[in-house]
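Each reported figure results from applying straightforward, stated rules to the coordinates on display, with no laboratory input. Note that the structure is a prediction, hence the values are computed from the model and not measured. Please note: Cβ atoms are built from the backbone with ideal geometry, for glycine as well, and neighbour counts cover all protein chains shown.
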Protein chains: 2
Amino acid sequence: MNRYFITGGAGFIGSNLADRLLALGHCVTVYDNFSTGQRWFIESSLSQPNFRLVEGDTLDASSLERAIEGHDWVFHLAANADVRFGTDHPSRDLQQNTIATHNVLEAMRKTGIKQIAFSSTGSVYGEPTVFPTPEDCPFPVQTSLYAASKLAGEGLISAYCAGFGFKACIFRFVSILGERYSHGHVFDFLRKLKADPARIEVLGNGKQRKSYLYVQDCISAMLHAMERIDAGVHVFNLGAPEYCTVDQSLSWICERIGLQPRRDYSGGERGWIGDSRFIYLDTTRITQLGWKPQISIRQAVIKTVDYLQANPWLFEAR
Amino acid sequence: MNRYFITGGAGFIGSNLADRLLALGHCVTVYDNFSTGQRWFIESSLSQPNFRLVEGDTLDASSLERAIEGHDWVFHLAANADVRFGTDHPSRDLQQNTIATHNVLEAMRKTGIKQIAFSSTGSVYGEPTVFPTPEDCPFPVQTSLYAASKLAGEGLISAYCAGFGFKACIFRFVSILGERYSHGHVFDFLRKLKADPARIEVLGNGKQRKSYLYVQDCISAMLHAMERIDAGVHVFNLGAPEYCTVDQSLSWICERIGLQPRRDYSGGERGWIGDSRFIYLDTTRITQLGWKPQISIRQAVIKTVDYLQANPWLFEAR
């Protein structure tokens, strides 16, 4: 039995992770400021004896240090995950992703915890020249404040491994889909179709190619890697071994909910400044450890649609 | 005539750069908090009509914003450059390198300045697997808080280029030598030999291989690149097309000052945690633009020794 500390543990991925860890018999502390996390996501865990909730902010260093003490592993998942509107508030990613990660590392160092798993992003590859993109592809140039702030977090974690003997898994995620998803293109498309079932605005030309991963496959991958690594820092791409276009994904969504809206494209190869035209990660490193995803991107999109259709309150919750 | 703003402009590289720009007929504003900068280094510039000194800290966002307004180019050179003792104060690099760079970018954005040159470091390559190491070598893993903080600065600058139309030169320096040098292995060796001319402690096994660059060659390279780039972000390695061992460098120093001390090695392949065994950058990118260094590493070491011998007050100034 391990004692896990999850920043952002009331969020989409964090709360699913907490459920999994509890089911496996571990102790879990969720640390969340509920800025985007949802109390509903951890409601059923609150009554479990192995579960503890601490309401707190990763920018509150002393609260974090008090809460983190006594754990074996830290999952640092709390983040500003809003890539698209980064330029509207140029300090937010620095604060919530880079400085917050520094605070987590300092809280760990001061309390003697040395094992961390970190949710980074395939966006750190910027505009890759190699597809599928491996972890050791050519040194990339950053194209968004979000990715820059996550890369800075990766660098801090790696330096703590070198300087203080930490052990770390850095996971570079594609976009994650599944139960409790409440942010991203499936969410945006469904919200638009609720407002107008006859037409839908598509950002960009619809030909952007993206890989995705189902949240339960993502969690399995993280736990799989963490059980198998030795000291030092280990970087893993996490994604499905496939990709789809925005148009394909929209077709799966429309088919599932029985609509045939007219598609109006905003045009251009990108949906917004910093959007990627093509995200497809080489997951050889994690698959060689014996992990593979259980469901396809199409199945993950459909599960996400079904979840959002069954939980319409999420469209009001933001 | 351009109006240049230099953070850290009273420092080793910054003050030499200010002299060069003034000699070329440009306007120069030096912004420095004199934490490691020296008033002596800018003394002769103070009387020049094209020169302005603003005493201020890059962590003081409002002072920075007031001072930066009205310039064409920003050289962001201010930094905590102490690599070796990073783990003694784990927040310093984040503050003085990453957050300070964010402040510089925000001050620029708010005042409509879009051109920046940044002093990064070859340390961002961590433990490279390719020598000489090109700018697009395999995606590295960070090994020091210093390098992680500089990589974070690079990422921020790149994101401002993508998101706000900035134009940037990011220069990854090897260690710089020459007039006004007051930090690094030549400084440390001379200080030790002043205390005890008969023996010298060498950190590591003396076989660490490092490249260096003469400060005037470094300045020429930066100005050369900045005149030739178009929009967006451009990364350049800056170093000599050669390297030397710590032992060789020590021999040149001892020969110049006429001493033959006994060498006591602290042992190990590294001088300290995070030290690199081998630093040798591929400078094809900048040399293809037409730049090349004027003097060798040996000549640069000798110039540095001569300067420090003529300016013994620097050993008291820290």
Completion exercise
Inter-chain shielding metric for B:157-169, i.e. average beta-carbon neighbours from other chains within 10 angstrom, reads 5
Practice task
Grab the other residues whose beta carbon is less than 11 angstrom from that of residue A:211, score K and R as +1, D and E as -1, and report the net.
Solution key: 0
Problem - Where only C-alpha atoms are counted, convex hull volume of the protein assembly as shown per residue in Å³ - result: 153 Å³
Problem - Helix-derived mean residue ellipticity, 222 nm - over chain A, DSSP H n ≥ 4, -39500 (n - 2.57), to 500 - result: -10500 deg cm²/dmol
Completion exercise
Measuring from the longest principal axis of the C-alpha atoms of chain B, the long axis of helix B:297-310 (C-alpha) lies at a number of degrees, nearest 10, equal to 90 degrees
Problem - 11 Å beta-carbon shell around residue B:66, net charge (K/R +1, D/E -1) - result: -2
Exercise for the section: Note down the net charge around residue B:22, summing +1 for each Lys or Arg and -1 for each Asp or Glu among other residues with Cβ under 14 Å from its Cβ. Expected result: +1
Exercise for the section: Enter the mean number of other protein chain beta carbons within 10 Å of the beta carbon of each residue in B:124-133, as an integer. Expected result: 1
Handout entry: J(HN,Hα) series, segment A:264-277, from Karplus relation 6.51 cos²θ - 1.76 cosθ + 1.60, nearest Hz, glycine and proline x
Key = 10, 8, 6, x, x, 6, 10, x, 6, 4, x, 5, 9, 6
Exercise for the section: Report, in debye and to the nearest 20, how large the dipole of the protein assembly as shown comes out about its Cα centre when Lys and Arg carry +1 and Asp and Glu carry -1 on their Cβ. Expected result: 520 debye
Exercise for the section: Could you pull out every one of the aspartates and glutamates with an alpha carbon less than 14 Å from that of residue B:207, ignoring same-chain neighbours closer than 8 positions? Expected result: B:247, B:264, B:269, B:275
Practice task
Calculate the dipole size of segment A:165-287 relative to its Cα centre from +1 charges on Lys and Arg beta carbons and -1 charges on Asp and Glu beta carbons; express the result in debye to the nearest 20.
Solution key: 200 debye
Problem - Set of lysines near residue A:167 by C-alpha distance (under 19 Å), chain-local residues within fewer than 8 positions excluded - result: A:110, A:114, A:150
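DSSP beta bridges in segment B:1-138, what fraction antiparallel, as a percent rounded to 5?
Numbers: 0 of 17 bridges.
Close to 0 percent.
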Exercise for the section: Work out the length of the dipole vector of segment B:44-199 about its Cα centre, built from +1 on the beta-carbon of each Lys and Arg and -1 on the beta-carbon of each Asp and Glu, and round it to the nearest 20 debye. Expected result: 260 debye
Practice task
Give me the percent of DSSP beta bridges within chain B that run antiparallel, rounded to the nearest 5.
Solution key: 5 percent
Fill in the blank from the handout: Rounded to the nearest 10, the angle in degrees between the Cα long axis of helix A:100-111 and the longest principal axis of the Cα atoms of chain A comes to 20 degrees
Fill in the blank from the handout: Expected sort for B:4-15, A:108-119 on mean C-beta neighbours within 10 Å, highest first, is B:4-15, A:108-119
